[in-house]
1. Which order do the peptides 160-170, 25-35 come out in when sorted by mean C-beta neighbours inside 10 angstrom, highest first?
2. Applying a 10 Å radius around every beta-carbon, put 229-237, 128-136 in order of their mean neighbour count, most first.
3. Could you order the peptides 82-90, 65-73, 184-192 from most to least packed, using the average number of other C-beta atoms within 10 Å per residue?
4. Could you put Ser60, Ser155 in order, starting from the residue whose Cβ has the fewest other Cβ atoms within 10 Å?
5. Along the charge dipole of the chain, which of Leu115, Pro172, Leu29 sits closest to the positive end, that is, farthest toward it, with unit charges on the beta carbon of Lys, Arg, Asp and Glu (+1, +1, -1, -1)?
6. Using a 10 Å cut-off around each Cβ, can you sort Leu81, Leu93 from fewest to most neighbouring Cβ atoms?
Amino acid sequence: MRALITGAGVRLGRATAQQLAQAGFDLVLHVHRSRDGAEEVAAQARALGRRAEILQADLSSAEGCAQLAAEALAGGPIDALVNNAALYERRALAEITLAEWERMLAVNTRAPFLLIQALAPSLAQSGLRGGGAVVNIGDIGGERPEPGFAHYSVSKAGILMLTRCLAAELAPKVRVNAVSPGAVLFPVEMPEAERDAILRTVPMAREGSAEDIAAAVVFLITQAPYVTGHTLNVDGGRLTSQLCREG
């Protein structure tokens, strides 16, 4: 079996690629700039007896998405696609430029659509139990946005709706699901007081790890053959807690 993971050199993509290799998948590791991290993941996968290749592409352009899909397929069929690569930034409404808005949606929403569209025929031929698998990385901010993240939240709301739309359209040969992280891998520049305030809203009372997200992705690919169109929130209960307070 062969899996393509976008943004595979760092953070959630890196952890997901590592766990997919451990689950027996050969890897196609997409990077934009973080090639060193992907090289380490590829070496780890090869040590497990898996094949691994690294492909570079700029997913903010339609041409970059087409290039990545074509190069991935040139190496063989794709059985699983993890749309992990994403932009994340805080901007007040008045500060968001048109270029920032368009780039955010291009990388976070359009690129997954284009990759699924290009790889769907290969995914539909997969011998993976339950059919070919797509897992999109969403965010609980796509359901409960916070001030200062309008363009990011809209892009993640789009990927959650895309998950549901394509799950219905590609069934029964391809399953399409999403994993939505919550308080996972805080940005290094985030003030400690802000981190503490967020963690006070998390029932599990801790920050999530990249491994928590990766485990959910691998579960949906390998252990959930009858699940499609579902968004699995891996947020320590934060979204549920927010809904309870609002109720």
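Values quoted throughout were computed directly from the atomic coordinates according to the rules given, and no laboratory measurement underlies them. Treat the numbers as computed from the prediction; the structure is a model and nothing was measured. Please note: Cβ atoms are built from the backbone with ideal geometry, for glycine as well, and neighbour counts cover all protein chains shown.
1. 25-35, 160-170
2. 128-136, 229-237
3. Order by mean packing, descending: 82-90, 65-73, 184-192.
4. In order of increasing Cβ crowding within 10 Å: Ser60, Ser155.
5. Of the listed residues, the answer is Pro172.
6. The fewest-first ordering by Cβ neighbours comes to Leu93, Leu81.
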